[in-house]
Every structure is written in C-alpha cells, then in structure tokens.
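One structure is given here, and the rest of the page talks about it.
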Amino acid sequence: MRTLDDLLAPITPKEFHADHDDRKPLYIPAAPGTPKAALLDWDRFNALLDQTSIWTTQNLKVVFNGQRVPPRQYCHEAATGAGPVSRPSPAKVKLMLAQGASLILDEVQDLIPSIRAMTPALGQAFAGQVSANLYCSFGGVQAFGTHYDTHHVFAVQCAGEKVWTLYRNRADAPVSFPVDSEETRSWIAGQRGEVMEQVRMRPGDVLYLPRGWYHEALATEEASLHVTYSITPATGLDLMKRVEAIVRDDPVFRHFLRPAAMGDGAVLRAQLAEIGRRLQALATSDLMLEEASVMQGRRVPAEPGYGLPDRPPLTLYARGPAAPPAFSGTVAIALGWALDQPRFALEDLIAQFDFVPEAELRAAVRAAEDAGAIRAA
C-alpha cells in the first residue's frame with residue numbers, strides 16, 4: 001500500500017477531497033482480500049517491541065483508563081556504553097498490560113517498511129508532516145476518553161476489533177489540546193454533542209477523522225492493534241512566524257508605535273492602517289507564495305534511499321553566459337540558489353532542497369543547461 005488510492009479504495013481521492021477532506025469522517029470497510037490489514041501483525045509488532053534499545057519514555061507510552069501511566073511505573077535504569085539511561089522495562093510493561101493498560105508506540109513511520117511506504121503519498125496529498133503511531137489495546141478498558149486531534153487522522157485496523165464512537169460536534173481548527181483535568185473532561189462532554197455514529201473497526205478497515213472531530217475508541221473482548229497516520233499541514237500561524245522575519249527589512253514595521261492618546265488615536269490608527277496595507281501587499285505577493293510553498297514542501301517526508309554501497313560521483317555545474325529559463329514555485333527558488341553559486345553540484349542541490357521532487361530538480365537543471373545558463377564544470 002503506497003498511494004492514497006490504495007488507502008481509500010474503493011473511494012477515489014477525488015471523491016474524498018470533494019466530500020470528506022477536512023469536512024467530515026469517512027469509514028471504509030475492508031474489501032475481501034484487502035492488503036490494508038497487512039500493514040502490521042502481532043509477530044511484527046512483538047519483533048518491534050523486542051528492539052528494546054530504541055524505546056524511551058517519549059516514544060513508548062502506557063495508558064490506563066484515560067490517564068498516562070507515569071514512566072517510573074513501567075521503566076527501569078538500563079546500562080549502556082554511554083552510561084545508565086531510563087528505558088521501558090519489558091517485564092513492567094507486560095505487568096501493566098496484564099491489568100488492562102494500553103500500549104502506544106509513537107513515531108514508528110520509519111521503523112516498519114509497510115507503514116513507511118504510505119507516508120510520502122500522504123504527505124504530498126495534504127502538504128503535511130506525517131507520523132504513524134501504533135495502539136495496542138485490550139477489551140473493555142478504554143485508553144482515552146472523548147477527545148479531538150489537532151491533525152488529520154487515518155486509522156487502519158490491523159488485528160482484533162475496536163469500536164469508535166463519533167460525536168456530532170467538532171472543535172474549530174484546534175492547534176492544541178487543553179490540559180487534562182476533571183474540568184476539561186466535563187467541558188468536552190458538553191461540547192461533543194450527541195453520538196453521531198458508532199463504527200466497529202475490523203482488520204483492513206480504514207477510518208478518516210478530520211481535525212477537531214470529537215471521538216473515543218474502545219477495544220472489544222479481544223486484543224486490538226491499529227495504526228494511526230497523523231497528517232499535520234502548515235497553518236497561517238506557522239506562516240506568520242516567517243512574516244516576522246520578512247518584514248524586518250521594512251522600516252514601517254520597525255518604527256515606534258505612536259501613543260494612542262496623541263490626536264485621540266488618529267496618529268496611531270493611521271500608522272496601523274499603513275502596517276495593514278503593507279501586510280496585505282505581502283500576503284498577495286509572489287514572495288509569500290514562495291514562502292508558503294517552501295514551508296509546505298519541508299513538511300512532506302522524503303524517501304531515505306541511501307542505496308549503499310553505491311556512492312555516485314558528483315555532477316558539477318558552473319554559471320553559463322545565457323539567461324536561465326523561467327521557472328515557478330519551489331523549483332524557481334532552488335534554481336535561484338544554484339545560479340547564485342559560482343559552482344554547484346546537482347547532488348547538493350537535491351540535498352539542499354529535498355522537499356522538491358528530485359525529478360523536477362533534474363528536469364530544471366537540464367533545461368537550464370540546454371538554455372546555456374549553466375554548463376558542466
């Protein structure tokens with residue numbers, strides 16, 4: 001399973017983007033012989049857990065009745081060549097699971113090839129950062145109460161069954177989750193609305209939840225194992241962080257704000273209006289479009305592709321006498337960087353701009369060479 005088509009089938013990506021993307025949930029029952037459940041099985045899950053040196057209190061979590069178990073209750077001090085470190089204790093973790101706790105493995109997208117294969121397609125489809133978490137739960141004990149997520153969610157059931165309860169309401173574009181407390185849980189219960197749907201997830205089933213959708217999940221009588229892909233696109237708030245750096249070059253933004261009392265606020269109001277005009281012009285400029293494109297591109301995961309022991313030679317170029325062809329988007333930014341260098345390596349260009357598809361960079365370099373803007377060095 002490597003494409004959005006594979007994940008959504010029999011729903012098409014066109015149907016998904018038109019009707020569900022950031023709009024409403026989508027439940028996709030498994031078709032006979034579906035490969036989706038093959039993302040993971042119990043043997044591969046256990047083999048992953050057995051790699052004890054990669055697990056920490058940050059990426060292996062134990063949850064019981066809606067509360068995260070303190071690491072001191074399931075970790076021990078392990079000896080390593082660099083000195084003692086705190087790591088999850090297999091014996092203590094198994095003890096917690098025997099009591100009905102759930103196990104969560106965070107950020108496993110680079111650890112399991114079958115799961116990793118899907119991340120580039122999801123990143124490109126949503127222009128977002130992709131992570132994958134694994135959830136192992138046992139019947140009748142709930143890991144989390146009603147909550148929402150701050151990202152797109154694709155849950156793929158791999159083993160056992162789990163019942164998801166979806167509520168009618170949705171938090172409006174949340175970027176954080178309130179601190180868990182009795183007051184928070186009571187507030188959520190008042191915000192979530194009535195039950196909209198209950199979905200019983202079986203191996204191979206897929207469930208999509210937009211950001212902010214209130215939900216909860218509970219394993220049935222047997223053990224449940226599922227993968228959740230989380231996709232987090234950039235927001236306007238992320239872009240505003242870049243705006244601050246850009247406007248430093250404009251003295252209008254560096255001037256002191258005049259006292260509000262001066263001229264009954266008219267002077268300050270005029271100053272703020274000018275700042276607003278400059279921001280509006282910036283927001284609709286090619287520069288801001290490029291900044292947003294670069295920011296989005298950097299969130300999309302790239303294939304590692306080391307390919308060792310092969311070590312390809314460097315392909316060097318120098319500036320030529322002719323003007324370069326016109327490029328657009330992130331390719332234009334990448335070629336602009338390359339043409340500012342007295343000499344550059346194609347491989348360095350690909351490494352510096354790893355968020356731009358390699359095929360597009362190679363095609364742009366060929367076009368620049370054909371136009372005489374660069375030449376082999």
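The values are calculated or read from the model by the stated rules, or taken from the named source; none is laboratory data. All of these numbers come straight from a predicted model, not from anything done at the bench. Positions of Cβ are backbone-derived with ideal geometry, glycine not excepted, and every protein chain shown enters the neighbour counts. With ligands, DNA and RNA removed, areas are computed over all heavy atoms of the protein, side chains included. Shrake-Rupley method; radii C 1.70, N 1.55, O 1.52, S 1.80 Å.
Miscellaneous remarks
- Checklist (1) assigned to a loop (DSSP other than H, G, I, E, B); (2) surrounded by 11 or more Cβ atoms within 10 Å (Cβ to Cβ); (3) not hydrophobic (A, V, I, L, M, F, W, C) applied to Pro259, failing item: (2)
- The residues in the stretch 182-229 that are of a type outside the set (Phe, Trp, Tyr) and outside any loop (DSSP other than H, G, I, E, B) can be counted, and the count is 29.
- Scanning the stretch 128-142 for residues that are aliphatic (A, V, I, L, M), open to solvent by 20 Å² or more (accessible area, probe 1.4 Å) and under 12 Å from the mean Cα position of the chain (by Cα) turns up nothing.
- Residue list for the stretch 338-357, filter: out of contact with any Asp or Glu (no Cβ under 8 Å at 6 or more places or on another chain) and closer than 20 Å to Arg299 by Cα: Asp348, Leu349, Ala351, Gln352, Phe353, Asp354, Phe355, Val356, Pro357
- Residue check for His215: surrounded by 14 or more Cβ atoms within 10 Å (Cβ to Cβ) and farther than 30 Å from Gly297 by Cα: yes
- Within the stretch 143-166, residues that are of a type in the set (Lys, Arg) reach partners that are open to solvent by 30 Å² or more (accessible area, probe 1.4 Å) with beta carbons closer than 7 Å, at six or more positions or on different chains, in the pairs Lys162/Leu218.
- Restricted to helices (runs of 4 or more DSSP H) entirely inside the stretch 54-127, those with at least 1 residues that are among the aliphatic types (A, V, I, L, M) and within 22 Å of the chain's Cα centre (by Cα) are 113-116, 119-126.
- Flag if Ala78 is surrounded by 13 or more Cβ atoms within 10 Å (Cβ to Cβ), aliphatic (A, V, I, L, M) and at pLDDT below 90: yes
- Of all the residues in the stretch 167-176, those that are open to solvent by 20 Å² or more (accessible area, probe 1.4 Å) and touching a Phe, Trp or Tyr at 6+ places or on another chain (Cβ under 7 Å) number 2.
- Some residue of the stretch 143-166 being within 20 Å of Trp42 (Cβ to Cβ), in a helix (DSSP H, G or I) and open to solvent by less than 10 Å² (accessible area, probe 1.4 Å): no
- The stretch 218-256 - residue that is of a type outside the set (A, V, I, L, M) and buried (at least 17 other Cβ atoms within 10 Å of the Cβ) and, of those, nearest to Ala273 (Cα to Cα): Pro233
- Inter-residue pairs, beta-carbon under 6 Å, first in contact (Cβ under 8 Å) with a residue 24 or more places away in the chain and in the stretch 191-216, second assigned to a helix (DSSP H, G or I), 6+ apart: Pro203/Ala37; Gly204/Lys36; Gly204/Ala37
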